[in-house]
Amino acid sequence: MSSDARSELSSSSPGLTRGSTFAAREEDVDGRVKPGHDKRGRLALRVAAAMAVVLVAITGAFAAWVVSLGPLPLDQAQQVSTTVIDRNGKLLRAYAMADGRWRLPVDATTSVDPGYLKLLFAYEDKRFYEHHGIDPLALSRAAFQLLTSGHIVSGGSTITMQLARLIEPRHQRSVYAKLRQMVRAVELERQLSKDQILDLYLALAPFGGNLEGIRAASIAYFGKEPKRLSLAEAALLVALPQSPERRRLDRYPDAAHAARDRVLERMVEDGVVSKDDAAQATATAVPKMRKQIPILAPHSSDQAIATMKDTPVIKLTLDATLQRNLEALARDRAIAQGPDVSVAIVVVDNETGDVLARVGSADYFDERRAGQVDMTRAVRSPGSTLKPFIYGLAFEDGFVHPDSLIEDRPIRFGTYAPENFDMTFQGTVPIRKALQLSLNVPAIALLDRVGASRLSSRLKQAGTSLVLPKDEAPGLAMGLGGVGITLQDLAQLYAGLARLGATKPLREIMQENDSRDTMRLMDQAAAWQVGNVLLGTPPPENGVHNRIAFKTGTSYGYRDAWSVGFDGRITIGVWVGRPDGAPVPGLVGRTAAAPILFDAFARTGKIPAALQKPPRGVLVASNAKLPPPLRRFRPLGELVRSGSDQAPHIQFPLNGSRIDVDQSEGGRNAPMPVKVAGGVLPLTVLVNGVSAGDIDSRRQRLIDPPGPGFARLTVIDATGAADTVVIRVQ
């Protein structure tokens with residue numbers, strides 16, 4: 001057929017061309033179809049149909065295979081070691097996973113050195129933020145290297161593909177395994193963001209042994225978080241995951257060293273690192289031993305995971321730096337005290353009630369010292385450490401002042417005859433000195449007038465759990481340690497003094513909703529007076545004067561030594577003793593616990609802050625300028641007389657009586673009568689130290705009853721003579 005004829009045929013049949021899928025039948029000049037060409041057309045049609053069927057079959061099989069893979073096991077892959085961090089995000093303690101692996105959560109944007117990420121991307125995946133799980137250029141390069149060298153030079157895997165392999169580990173290299181990685185990589189890119197993929201990879205990457213993730217590796221090999229890494233450290237962490245077991249630093253440091261140098265060499269070739277920097281990094285030795293994962297605040301951490309179950313990251317109010325310093329202090333001082341003695345320390349922020357440090361024992365792993373017992377929560381006898389609260393209630397009731405005089409002499413309360421620690425008596429001393437010297441007789445005399453039950457109820461009202469011997473009521477002995485209390489409760493009470501009489505429950509676990517309410521310990525003026533007195537307590541040897549308000553205590557039989565103190569910012573409590581309660585000869589609060597207290601304040605790294613200024617209503621005066629009733633303390637029942645006049649005496653209500661208050665028609669409590677005999681008019685009634693008005697010529701008055709609980713009624717006449725009773729209102 002001529003070219004003109006073919007052209008004419010082509011133009012007359014535009015649907016049948018040489019480029020068509022179905023071959024056009026060629027006709028001869030007479031219009032007849034050639035038999036050979038007809039057969040070839042039918043054959044091409046059959047081949048095309050067969051290929052389509054095969055393609056559909058392959059596509060269907062591939063789709064079925066992809067479906068058979070099931071969902072990605074991301075839940076299992078995202079499981080990490082439970083970690084406990086401090087208030088600033090520093091690691092306090094991590095707990096290994098159930099199978100013994102260390103896998104710490106990672107946030108690449110905040111907790112990983114940018115220099116390490118730069119090396120990682122340059123070495124493993126240059127186009128990480130550009131591809132969708134598979135990098136065609138990297139795969140082509142890997143295939144070309146395989147063809148030209150005859151063996152696998154590089155796998156062409158992206159970070160996403162490597163993550164897929166970590167989530168679903170493979171046992172050997174194969175085309176099937178690589179194809180599976182590619183499919184899973186695409187799935188990962190669809191389900192997670194790039195940052196989430198990077199964080200998960202940095203948490204799962206193997207670094208030898210039971211170390212997974214860059215945080216675990218950096219802490220175990222370098223003893224620090226991966227926030228700041230040197231070039232040598234970053235290159236080493238890039239090299240280790242390629243062959244983690246053959247490059248384990250604790251077994252094959254030479255292999256790890258060589259692998260790190262190859263990473264640096266390639267980074268120089270790619271222009272990522274300068275030759276000088278690489279040479280300096282190459283000269284750096286690699287670690288050959290693993291370091292211990294931090295175990296700071298072990299008792300607090302154990303308590304936190306018991307409270308916050310199934311929480312991967314628990315944030316505490318503790319300060320890691322302060323905690324580390326005080327753990328070292330407790331360990332050193334316990335060693336100096338003897339092999340069986342332990343030390344406990346708790347630090348509280350006065351304003352917030354947050355626990356800044358808690359040292360439960362001298363050494364968590366010391367079985368002889370019962371190191372795993374948290375002695376900050378153990379109930380022990382407090383010795384004299386409750387005395388400031390006796391004085392505080394006495395100040396609140398208004399029958400003594402810090403400069404009032406009190407007798408320190410032999411005295412008996414029924415069958416109980418208290419004695420001072422040194423078995424001597426000081427005679428007449430100011431209240432201030434009696435508290436600073438921790439004299440026993442004045443404290444018990446004040447407690448007898450304040451009332452042991454009232455002291456107990458007030459301390460419980462302030463959030464303290466007191467433990468009395470079975471079937472015993474509060475008695476005078478509680479003023480010298482005849483009651484059980486914990487170190488953390490003591491610290492809470494003393495922090496209440498620093499907060500001018502308002503306590504706040506301690507908090508150790510940081511939570512979004514902080515619904516703690518303040519509780520009343522004593523009025524502001526009384527709390528300030530107690531703090532002002534304690535500020536003048538003679539410090540231990542080499543201690544700084546008038547910087548820390550503190551009190552010491554020693555329990556009966558030299559079993560517990562205490563020292564609790566505060567400045568304007570924090571409160572610190574210290575306990576020293578044997579966890580088993582055995583006596584320790586010579587164990588005294590002033591010589592065993594007080595020096596640790598002052599060292600603990602020094603190790604905070606801050607100068608003690610000034611106490612709060614005196615609130616309104618505080619009477620600051622010398623003894624000579626005090627009102628006559630406040631110049632000298634008189635025990636309950638000892639009436640003050642002025643010349644020939646009889647001192648006032650409260651006839652109703654009687655001391656120790658219980659008053660049931662009825663409600664009037666308006667819903668308010670009915671008034672309560674107060675009757676007085678003797679005294680020089682005018683007579684003034686005080687209810688818990690607050691004036692309730694004057695008594696008329698009939699020497700009686702109706703007053704509004706105080707709220708439920710113990711109350712103190714005092715009547716003062718014109719000469720300053722007074723009488724007081726304690727009642728219980730219900």
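Observations on the model:
- Relative contact order for the chain, counting Cα pairs under 8 Å that sit 6 or more residues apart, in percent: 9 percent
- The chain - mean residue ellipticity at 222 nm from DSSP helices (-39,500 (n - 2.57) per run, n ≥ 4, rounded to 500): -11000 deg cm²/dmol
- For segment 261-275, backbone phi angles converted through the Karplus equation (6.51, -1.76, 1.60; θ = phi - 60°) give residue-by-residue couplings of 5, 5, 4, 5, 4, 5, 5, 5, 4, 8, x, 7, 10, 6, 5 Hz, Gly and Pro being listed as x.
- Shape of segment 203-270, Cα gyration tensor, a/c cut at 1.5: oblate
- Cα-based helix-to-principal-axis angle, 175-191 vs the chain, degrees rounded to 10: 50 degrees
- Counting only chymotrypsin sites (Phe, Trp or Tyr not before Pro) that DSSP places in a loop and that have at most 10 other Cβ atoms within 10 Å, the longest clean stretch of the chain runs over 366-730.
- Spacing of the two label points (7 Å from each Cα toward its C-beta) at Met97 and Lys470, in nm: 4.9 nm
- Within straight-line cross-link reach of Lys625, lysines at Cα separation under 30 Å, skipping those fewer than 8 residues along the same chain: Lys387, Lys433, Lys551, Lys613
- Relative contact order, whole percent, for segment 406-461 stands at 35, derived from Cα pairs under 8 Å and 6 or more residues apart.
- Degrees between helix 440-450 axis and first principal axis of the chain (Cα, 0 to 90, nearest 10): 90 degrees
- Leu179 paired with Gln651, simple spin-label distance in nm, labels 7 Å along Cα-to-beta-carbon: 11.0 nm
- Pairs from the list Lys460/Lys606; Lys178/Lys288; Lys504/Lys606; Lys227/Lys288; Lys126/Lys178; Lys291/Lys315 with a Cα-Cα gap above 26 Å: Lys460/Lys606; Lys178/Lys288.
- Here the contact order of segment 387-602, divided by its residue count and restricted to Cα pairs under 8 Å and six or more residues apart, works out to 16 percent.
- Along segment 418-426 the Karplus relation, 6.51 cos²θ - 1.76 cosθ + 1.60 evaluated at θ = phi - 60°, assigns HN-Hα couplings of x, 10, 6, 4, 8, 6, 10, 10, 9 Hz to successive residues, with x for each Gly and Pro.
- Axis angle, to the nearest 10 degrees, between helix 387-397 and the longest C-alpha principal axis of the chain: 60 degrees.
- Taking only the C-alpha atoms of the chain, Rg followed by Dmax gives 41.3, 161 Å.
- Residue-wise HN-Hα coupling along segment 310-327, computed from phi with Karplus coefficients 6.51, -1.76, 1.60 (Hz; x: Gly, Pro): 6, 10, x, 10, 10, 9, 9, 7, 5, 10, 4, 5, 5, 4, 5, 5, 6, 5
Throughout, read-outs are computed from the coordinates displayed, never taken from laboratory work. From a predicted model like this one, the values you see are computed outputs, not experimental measurements. All Cβ positions, glycine included, derive from the backbone under ideal geometry; neighbour counts span all protein chains shown.
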